[in-house]
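Encoded as structure tokens, the structure appears first; notes follow it.
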Amino acid sequence: MDEQAWRMLFAGAWVTAWTSGLAIAMGVVIGLGLALLRMARVPLLDPLLAAWISFARATPLVTLVLFIFLASPKMGLSLNREVAAVLALTINTSAFNAEVWRSAFRGFSREQLEAALACGMTRLQAFHRIMLPQMAVTSMPGLINEMTFLVKGSPAIAVIGMVDLTRVTNRIAAVTYEPLPPILAAAVLYMALIALMVKLQALAQRNAHRLAM
């Protein structure tokens, strides 16, 4: 492959990285919020949240991307491709993250919470200082696993015209008639993105362990 092909590949990798990165950052926070609301068991709201999470998890990502991009104008929203892509990825990953966080909530020792409340902490203080650091540690493998699935599923955004890494690979192959080199190069770039996430996981786990101690 020539220099131009490599520039196209790196440009496509950047699109994959920033769209996935934004969705991951928002999805982790939104997923935590959804888990908190579900654990609160608010009447009427809880079944709606459960249905929403089930819908978001069951809908294929490519279908969700198309639906948001095509349906938004009919609802009076003017979303460009970038916003629609990030929104679809965020909805998808936040639903899975919510279940990861909720599992961590269920596994948390109630005795620790009761002890913190008995020591005079408010529920918010107990959550921030005791529960959240420990739940972050236990949730980290599941969250990172979901993040890697999101990166590998991100080529779905190409269906609305986003030129991500996979779409660039197809364009190069169509011009050069040699599909294998760009596919191998894309595989290496995807592996680099996943390796970076695993490295960040290790750093985050170390920090979370220090906070939990």
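The values are calculated or read from the model by the stated rules, or taken from the named source; none is laboratory data. Every value quoted in this text rests on a predicted model; they were computed, and no experiment measured them. Every residue, glycine as well, gets a Cβ built from its backbone with ideal geometry; the counts of neighbours run over all protein chains shown. Accessible surface areas use protein heavy atoms only, side chains included; no ligands, DNA or RNA. Shrake-Rupley method; radii C 1.70, N 1.55, O 1.52, S 1.80 Å.
Taking packing as the residue-averaged number of other Cβ atoms within 10 angstrom, the listed peptides 131-137, 183-189, 91-97 run from highest to lowest as 91-97, 131-137, 183-189.
Considering only 36, 161, 66, and ranking their Cα positions along the charge dipole of the chain that arises from unit charges at the beta-carbon of Lys, Arg, Asp and Glu, the one farthest toward the positive end is 36. Quick check: the distance between the Cα centres of region 152-187 and region 17-51, to the nearest angstrom? Region 152-187 and region 17-51 have Cα centres separated by 31 Å. Taking the chain as a Gaussian network of alpha-carbon nodes connected by springs under 10 Å, the highest mean-square fluctuation of the residues 150, 193, 180 belongs to 180. Other residues whose C-beta falls under 15 angstrom from the C-beta of residue 50 contribute a net charge of +3, scoring Lys and Arg +1 and Asp and Glu -1.
Only Lys, Arg, Asp and Glu carry charge here, each on its Cβ (+1 for the first two, -1 for the last two); on that basis region 3-210 has a dipole of about 340 debye about its Cα centre. For percent of Cα pairs over 29 Å apart, the candidate list reads (1) 37; (2) 51; (3) 15; the entry that matches the value derived from this model is (1).
Among residues other than residue 34 with Cβ under 14 Å from its Cβ, the summed charge is +1 (Lys and Arg +1, Asp and Glu -1). Once all protein chains are placed together, residue 81 keeps about 110 Å² accessible to a 1.4 angstrom probe. Per-residue ellipticity at 222 nm for the chain, helices alone: DSSP H runs ≥ 4 residues times -39500 (n - 2.57), over residue total, nearest 500 deg cm²/dmol? About -27000 deg cm²/dmol.
When 52, 14 are compared by accessible surface with a 1.4 Å probe, the order from highest to lowest is 14, 52.
Projecting the Cα atoms of 150, 25, 11 onto the dipole axis of region 3-210, where Lys and Arg carry +1 and Asp and Glu carry -1 at the beta carbon, places 25 farthest toward the positive end.
I'd like the orientation of helix 165-176 relative to the chain: the angle between its Cα long axis and the longest Cα principal axis, in ° from 0 to 90, rounded to 10. Taking Cα atoms only, the helix is inclined about 10 degrees. Helix 45-58 versus the longest principal axis of the chain: what angle, 0 to 90°, nearest 10, using Cα atoms? Once rounded, the angle reads 30 degrees. In terms of accessible area, using a 1.4 Å probe and ignoring ligands and nucleic acids, 199, 74 rank largest first as 74, 199.
Surface composition of the chain: carbon and sulfur atoms hold 69% of the protein heavy-atom accessible area at a 1.4 Å probe.
A Gaussian network model of the chain, with springs between Cα atoms under 10 Å, assigns the largest mean-square fluctuation among 146, 82, 178 to 178.
Residue 105 to residue 183: FRET efficiency via 1/(1 + (r/R0)^6), r the Cβ-Cβ distance, R0 41 Å, to the nearest 0.05? After rounding, the FRET efficiency stands at 0.50. As a calculated quantity, the FRET efficiency between residue 46 and residue 171 at R0 = 45 Å, using C-beta atoms, amounts to about 0.45.
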